[in-house]
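Data block below; observations after.
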Amino acid sequence: MRLPSLLASLFALSAFAAESPQVSLRPGEGALEVLVDGKVVAAYLTANDVSTPARANETYKPYLRVVDPVDGQAITKGPGGTYTHHRGIFFGWMRVGLEGQKLDLWSMGSGRQVHTGFKQQTAERGLARLVSTIEWSDKKGRLILSEERTLELSPLAALVSCGSIS
């Protein structure tokens with residue numbers, strides 16, 4: 001007699017799908033916010049400011065900051081404090097060999113990641129999709145790699161994938 005339970009579950013899911021939360025995007029200074037039903041749930045931080053050593057340290061890589069929609073407080077860590085390189089959801093590699101160099105592209109002691117633009121920014125049918133282009137460079141500013149990063153977020157799940165690196 002599991003059929004009634006299954007039918008009840010499917011009915012509940014279809015009712016939920018009919019009233020799925022509204023996902024939207026809001027651009028800001030150095031960030032693109034993801035909102036669910038008008039409340040910020042995440043921000044993709046893209047600033048790249050080398051005007052001072054402090055700002056250069058705060059903005060050396062783009063990352064996704066996850067926010068509690070109830071009180072607006074960041075759930076994931078930002079710059080500063082212990083392990084200042086730990087920032088929300090980000091990509092990095094600690095030991096990279098390139099042309100005889102040993103690069104640390106995790107704590108960013110050997111370079112920067114610079115968000116150069118968005119190929120796509122959409123929010124529809126309960127899904128936010130961001131496709132960011134990023135250039136990784138060494139300390140001297142030489143290009144190491146170009147990345148296309150795809151982030152997909154929905155109220156039920158979040159998936160971050162690195163689409164292609166060339």
Quick test of your reading of the structure: Arg112 fulfils all but one of (1) assigned to a loop (DSSP other than H, G, I, E, B); (2) out of contact with any His (no Cβ under 9 Å at 6 or more places or on another chain); (3) in contact (Cβ under 8 Å) with a residue 40 or more places away in the chain. Name the failing condition by number. (1)
Taking the stated definitions as given, is Gly80 at pLDDT below 85 and at positive phi? yes
For the subset of the range 86-106 comprising residues that are touching a residue at least 24 places away in the same chain (Cβ under 8 Å) and not aliphatic (A, V, I, L, M), which member is nearest to Pro53 (Cα to Cα)? Arg87
Of all residues in the range 48-74, how many are under 13 Å from the mean Cα position of the chain (by Cα), free of Cβ contacts under 8 Å to residues at least 40 places away in the same chain and in a loop (DSSP other than H, G, I, E, B)? 0
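The values are calculated or read from the model by the stated rules, or taken from the named source; none is laboratory data. Here the structure is a predicted model, which is why all the values come from computation and not from measurement. Every residue, glycine as well, gets a Cβ built from its backbone with ideal geometry; the counts of neighbours run over all protein chains shown.
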